[in-house]
1. Using only alpha carbon pairs under 8 Å that are at least six residues apart, calculate the relative contact order of the chain and give it in whole percent.
2. Rounded if a/c is under 1.5, else prolate if a/b beats b/c, else oblate: with a ≥ b ≥ c from the C-alpha gyration tensor eigenvalues square-rooted, which is the chain?
3. For the chain, what does the helix formula give at 222 nm: sum of -39500 (n - 2.57) over DSSP H segments with n ≥ 4, over the residue count, nearest 500 deg cm²/dmol?
4. To the nearest 10 degrees, how steep is helix 2-41 against the longest Cα principal axis of the chain, on a 0 to 90 scale?
5. If you put +1 on each Lys and Arg Cβ and -1 on each Asp and Glu Cβ, how big is the dipole of the chain around its Cα centre, in Debye rounded to 20?
6. Normalized C-alpha radius of gyration of the range 7-46, against 2.2 N^0.38 Å?
Amino acid sequence: MVLAIRNATGYLNQIVNQLNHMCEESLYLTDMNNSIQLGAQHTIPDDGARVEGEGVDVVLQDVTFRYPGAERDALQEVSLTIGGNACRRTLAAP
């Protein structure tokens with residue numbers, strides 16, 4: 001009798017573990033499906049997407065950069081300005 005109860009308890013434990021695993025997998029698949037749908041809603045079309053409003057200027061002034069371990073600078077006091085409309089077009093049509 002004791003052996004039968006132990007076997008039944010073992011089988012019941014396996015069933016509960018399998019149900020728990022199925023629930024976890026279901027949550028994962030639901031999250032993955034939601035992220036795929038959200039990504040599809042925010043995908044930029046192949047022909048670009050219209051961006052409303054003013055663009056912003058990207059301005060770099062006196063930028064100096066040296067790679068780690070390098071003895072000299074790769075860039076020294078570089079300045080660059082990209083106008084807002086150029087940035088807006090670049091973001092709208094990859």
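1. Once normalised by length, the contact order is 26 percent.
2. Verdict is oblate for the chain.
3. -18500 deg cm²/dmol
4. 20 degrees
5. Here the chain has a charge dipole of around 420 debye.
6. Taking N as the residue count of the range 7-46, the ratio is 1.99.
Here, each number is a calculation from the coordinates, and none is a lab measurement. Everything numeric in this text was worked out from a predicted model, so none of it was measured. When we count neighbours, we look across all protein chains shown, and the Cβ atoms used for this are built from the backbone with ideal geometry, even at glycine.
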